[in-house]
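To start, the structure itself, in structure tokens.
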Amino acid sequence: MKIKGNMDKYYYYSFPMQAVLVTCMDRKGRTNIITIAWHTPISKEPPLYGIAIAPKRYSHKLISETKEFVINFLPFKLVDKIHFCGTHSGREIDKVEETKFTLKPSEKINTPRIEEGYAHFECILHSKNTIGDHSFLIGKIENILIEEKVFTNDILDNKKIKPAYYVGGNSYTTLSDDLETF
Ligand SMILES: Cc1cc2nc3c(=O)[nH]c(=O)nc-3n(C[C@H](O)[C@H](O)[C@H](O)COP(=O)(O)O)c2cc1C
């Protein structure tokens with residue numbers, strides 16, 4: 001039996017989506033972290049990655065100013081910190097200090113990565129479009145770093161790493177060990 005879905009939360013029906021942490025910097029070089037579930041690859045050549053950020057977020061202002069950001073893919077075991085970064089604003093607190101994440105310099109841009117992540121996209125802002133109540137920020141990926149031991153031929157080994165997925169509300173899930181390879 002089908003029932004009517006909730007239009008206010010239409011995007012919940014597309015979940016789970018991986019909850020990534022995006023690092024960005026203010027003009028003085030202080031790093032902020034925002035949790036993002038609305039993100040997607042857009043183009044292979046050039047390599048472009050898109051994130052949807054509401055203009056009211058502090059990170060939106062920072063990325064608009066510095067024109068760069070890092071997409072950090074984090075494991076499920078750090079989901080409490082992922083949730084924290086998605087429920088507090090860098091306008092009020094220093095999320096790096098509160099989460100005790102380890103920042104490491106990126107190779108091609110000024111914004112650092114979160115070392116606890118298992119993959120990192122260093123992005124330069126390619127374009128920004130306001131679409132509805134969010135801005136779609138597209139980053140050109142300038143450099144990628146991955147944790148060697150969790151990928152086999154660039155495919156994530158789900159026995160070695162459990163990514164963090166957001167299912168809506170205050171809830172998260174992760175992958176099982178199931179893997180079909182054809
Ligand atoms: C799991 C999760 C996913 C989120 N995804 C997004 C998103 O895709 N886009 C967005 O604008 N905000 C998203 N948010 C909300 C921001 O992360 C949140 O408002 C954050 O406090 C903004 O931080 P800032 O003000 O320091 O930029 C998400 C929050 C959570 C908990």
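Here are some notes:
- Computed from Cα atoms alone, the Kirkwood hydrodynamic radius reported for the stretch 6-146 is 15.1 Å.
- Summing charges over neighbours of Cys123, with a neighbour being any other residue whose Cβ is under 13 Å away from its Cβ, gives +1 when K and R count +1 and D and E count -1.
- Given 12 as the ceiling on other Cβ atoms within 10 Å, longest exposed-site-free region of the chain for GluC sites (Glu not before Pro) in DSSP loops: 1-91
- Checked against a 27 Å cut-off, the cross-linked pairs Lys67/Lys149; Lys28/Lys108; Lys95/Lys128; Lys108/Lys159; Lys81/Lys160 give Cα-Cα distances beyond that limit for Lys67/Lys149; Lys108/Lys159.
- For the pair Ala54 and Thr130 in one chain, pulling the backbone fully straight at 0.36 nm per residue adds 26.5 nm over the alpha carbon distance.
- Sparse packing (at most 14 other Cβ atoms within 10 Å of the Cβ) combined with a DSSP loop state is found for the following trypsin sites (Lys or Arg not before Pro) in the stretch 128-163: Lys159, Lys160.
- Ellipsoid semi-axes in whole angstrom, largest first, where each is sqrt(5λ) of the Cα gyration tensor of the stretch 114-172: 26, 19, 9
- Neighbourhood charge, 13 Å Cβ-Cβ cut-off, centred on Lys28 and excluding it, Lys, Arg +1 and Asp, Glu -1: -1
- Neighbour counts of C-beta atoms inside 10 Å place Arg57, Arg30 in the sequence Arg30, Arg57, starting with the fewest.
- The chain: relative contact order as a whole-number percent, Cα under 8 Å and 6+ apart: 25
- Site pair Lys9 and Arg91 shows an inter-label distance of 2.5 nm when each label is modelled 7 Å from Cα along Cα→Cβ.
- Selected from Pro47, Cys24, Ser106, residue furthest toward positive end of dipole (the stretch 18-170; charges at beta carbon): Cys24
- Helix-only mean residue ellipticity at 222 nm for the chain, each DSSP H run of n ≥ 4 adding -39500 (n - 2.57), per residue, nearest 500: -3000 deg cm²/dmol
Each value in this text was obtained by applying a stated rule to the coordinates, not by laboratory testing. Here the structure is a predicted model, which is why all the values come from computation and not from measurement. Heads up, the Cβs are rebuilt from the backbone with ideal geometry, glycines too, and the neighbour counts pull from every protein chain shown.
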